[in-house]
Amino acid sequence: MNEIIAEIEKRRENARLGGGQKRIDAQHKRGKLTARERIDLLLDENSFEEFDMYVEHRCTDFGMQDNKISGDGVVTGWGTINGRTTYVFAKDFTVFGGSLSEAHAQKITKIQDMALRNRAPIIGLFDAGGARIQEGVAALGGYGEVFQRNVLSSGVIPQISVIMGPCAGGDVYSPAMTDFIFMVKDTSYMFVTGPDVVKTVTNETVTAEELGGASIHTTKSSIADKGYENDVEAMLQMRRLMDFLPSNNQSGVPVLPTKDASDRVEMSLDSLIPENPNQPYDMHELIKKVVDEGDFFEIQDKFAGNIVTGFARIEGETVGIIANQPMVLAGVLDSDASRKAGRFVRFCDCFNIPLITFVDVPGFLPGTAQEYGGLIKHGAKLLFAYAEATVPKITVITRKAYGGAYDVMSSKHIRGDVNYAWPTAEIAVMGAKGAVEIIHRKDLGDPEKIAQHTKNYEDRFCSPFVAAERGYIDEVIVPHNTRRRISRALSMLKNKKVENPWKKHDNIPL
Ligand code: HXC
């Protein structure tokens, strides 16, 4: 028996070496960890159970029958994150550059199937050169099998992708269909076709970083939700994120005990809104002062900063926060902000995470750039997402709620459950200046009359009470009680049950 055990250990040791010490050293030299080192950081200590470590490819073309490495370029299995089951696959760049063969794909799909069957999240760590060139169509078929499972799992279990090296060709579309994509700065890049092909086809000269580094995908394309400094930070932040997420769409998120009292008053909020309505203030301050222990996991913090999205907790329970940000473009809704927030709202609704919306929005951004860029359809994405959402929806209007953006931002009319306004709220078709210029155009040459019209408009409409008189606002609350009000509303909505009419699926304006 001892001999057999020794033989198993030898085979395991061999498999764990992947592409060999030289390639492991090269990986480290580039500032990257190996697939197994990453998994060790991601999962609870000693919790990883590896599957299929002896799998080899079956390719016989190009002399590949003499070049086999146990594991075939991907490490797969399951473990726990803070005690909760999580499935994981990590591309091993030391083995054929992490490229995907038929056998490699089968290892991934086995894990995807298990994750879906057992209703637990799956995390993919990417560091790979795309389709295994020697395998041809067998690799393409393998990708297709992975993609199909991504789609079937969407909205059932959280799927997370972390890009930690190259991610090119076929490798990009699986992450693109998962819920979140994270990247490591300077060592990872993602593109469909690399710089050489780009040069041939379009004659553009770009580096890999310029084409698809974290700096591009977190700021310009919005493909990635966040970038991290290095592999260690990325893995530790994934552990933190997973604590905010449920295991599946029916499980709910475990409550995280907190010492932060739900009725904590925050007097400083009473002076958050500046006297001057055109002066910005930082929505992050409000969010951090309202949520448990100021703990906020922001999603897409470097993209469309005019809207803030992320996870937090109230009384230990996960909530999704969406907030207009007056510090960026005065908090206006544009195409990027609408897409960003729309996707976030839909994620929360899929996974039964209540939505808390803080509103300070001067409207939709005017201009040809926005209109030509499809603002109507992009704005509709956010409207659609809020309107179809059946999770508890709590809205707090802190200042401006103008025009169509008032309706969109989780208003009563699209099934906001509890809609509060601060006394500083201004709920109107538009700001006083614009309104007066339209309805009193004939007086435009008379500054005194215009000033009087403006004051009349402000007195009547730049307050929460016109909306409150109609029941569109449930209560005008004092800012310092915002946490208590939200917390109580969430408890009241705990058993909320709303069902949309049966349909195969909706037709959100893509
Ligand atoms: C087989 C590959 C490979 C691949 C890399 N390798 N990519 N083997 N198939 N796709 C191997 C290399 O031969 C090398 O083996 C090792 O991995 C490391 O690669 P290097 O090139 O030395 O590393 P580096 O300089 O860091 O460059 C990494 C890279 C580059 C940028 C990823 O390897 C590269 O451009 N690879 C090809 C990318 C590509 O075109 N993939 C196909 C995309 S088409 P040794 O033995 O020397 O260590 C595609 C279509 C699918 O994916 C569509 C489905 C929908």
So the compactness index of the range 1-69, its C-alpha Rg divided by 2.2 N^0.38 Å, takes the value 1.34
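Sort 322-332, 427-437, 2-12 by packing, meaning the average of other beta carbons within 10 Å per residue, with the highest value first.
Numbers: 322-332: 22.5, 427-437: 18.5, 2-12: 9.7.
Ranked from most to least packed, the peptides come out as 322-332, 427-437, 2-12.
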Of all C-alpha pairs within the range 106-211, those more than 18 angstrom apart amount in percent to 52
Here the equivalent ellipsoid of the range 9-137, derived from its Cα gyration tensor, has semi-axes (largest first, whole Å) of 24, 18, 13
Placing one equal point scatterer on each C-alpha of the range 143-205 and summing with Debye, one gets log10 I(q)/I(0) at q = 0.14, 0.16 Å⁻¹ equal to -0.48, -0.60
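Can you tell me what the convex hull of the Cα atoms of the range 147-301 projects to on average, as an area in nm²? Please report the intermediate quantities before stating the final value.
Values: hull surface 53.2 nm².
About 13.3 nm², averaged over all directions.
Once you have the Kirkwood Rh of the range 441-510 from its Cα pairs, apply Stokes-Einstein at 37 °C and 0.692 mPa s and quote D in µm²/s.
On the way: Rh = 17.1 Å.
For the chosen part, D equals 192 µm²/s.
Where both partners of a DSSP beta bridge lie in the chain, what percent of those bridges are antiparallel, to the nearest 5? Numbers along the way, then the final one.
Details: 23 of 64 bridges.
Taking every DSSP beta bridge within the chain, about 35 percent pair in antiparallel fashion.
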Unit-weight point scatterers at every alpha-carbon of the range 244-388, Debye formula, q = 0.10, 0.19 1/Å: log10 I(q)/I(0) is -0.37, -1.15
Length gained, D25-E210, 0.36 nm per residue minus C-alpha separation, equals 64.0 nm
Packing-ranked peptide list from 267-273, 44-50, highest mean Cβ count within 10 angstrom first, is 267-273, 44-50
Computed for the range 214-356: size of charge dipole around the Cα centre, +1 on C-beta of each Lys and Arg, -1 on C-beta of each Asp and Glu, debye to nearest 20, value 500
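Using packing as a proxy for protection, rank 132-145, 409-422 so that the peptide with the highest average count of other Cβ atoms within 10 Å comes first. Write out the running numbers ahead of the final one.
Details: 132-145: 17.6, 409-422: 21.8.
Result, highest mean Cβ count within 10 Å first: 409-422, 132-145.
Per residue, how big is the convex hull of the chain when only Cα atoms are used? Give it in Å³. Don't jump to the answer; show the numbers that get you there.
Working: hull volume 90.7 nm³, N = 510.
Here the figure is 178 Å³ per residue.
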Cα pairs beyond 14 Å in the range 205-245, in percent, come to 57
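How large is Rg/Rh for the range 107-155, to two decimals, with Cα atoms and a Kirkwood Rh? The partial results should precede the final answer.
Numbers: Rg = 11.9 Å, Rh = 11.8 Å.
The Rg/Rh ratio comes out at 1.00.
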The range 72-159: Kirkwood hydrodynamic radius (Cα pairs, Å) comes out at 13.0
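I want the local charge near T482. Using Cβ-Cβ distances under 9 Å, sum +1 for each Lys or Arg and -1 for each Asp or Glu among the other residues. Spell out each step's value before the answer.
Values: positive: K289, R483, R484, R485; negative: E266.
Computed value for this residue: +3.
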Quick calc, the chain, dipole around Cα centre from Cβ unit charges on Lys, Arg (+) and Asp, Glu (-), nearest 20 debye, gives 920
Dividing the mean separation of Cα pairs under 8 Å (6+ apart) by the residue count of the range 383-438 yields a relative contact order in percent of 40
Dividing the mean separation of Cα pairs under 8 Å (6+ apart) by the residue count of the range 359-416 yields a relative contact order in percent of 54
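Taking every pair of alpha-carbon atoms in the range 363-510, give the share separated by more than 26 Å as a whole percent. Don't jump to the answer; show the numbers that get you there.
Details: 4335 of 10878 pairs.
Of all Cα-Cα distances in the range 363-510, 40 percent exceed 26 Å.
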Bounding extents of the range 52-103 in its principal axis frame from Cα atoms, largest first in Å, are 45, 17, 14
Sparse-neighbourhood loop hits (trypsin sites (Lys or Arg not before Pro), the range 481-510; DSSP loop; Cβ within 10 Å at most 15 others) -> K494, K496, K497, K503, K504
Computed over the chain, the relative contact order (Cα-Cα under 8 Å, seq sep at least six) in percent reads 9
For the range 344-410, the Kirkwood Rh over every pair of distinct alpha carbons, in Å, works out to 12.7
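Any read-out appearing in this document is the output of simple, stated calculations on the displayed coordinates, not a laboratory observation. Model, not experiment: these values are computed from the prediction. Quick reminder, even Gly has a Cβ in these numbers, built from the backbone with ideal geometry, and neighbours come from all protein chains shown.
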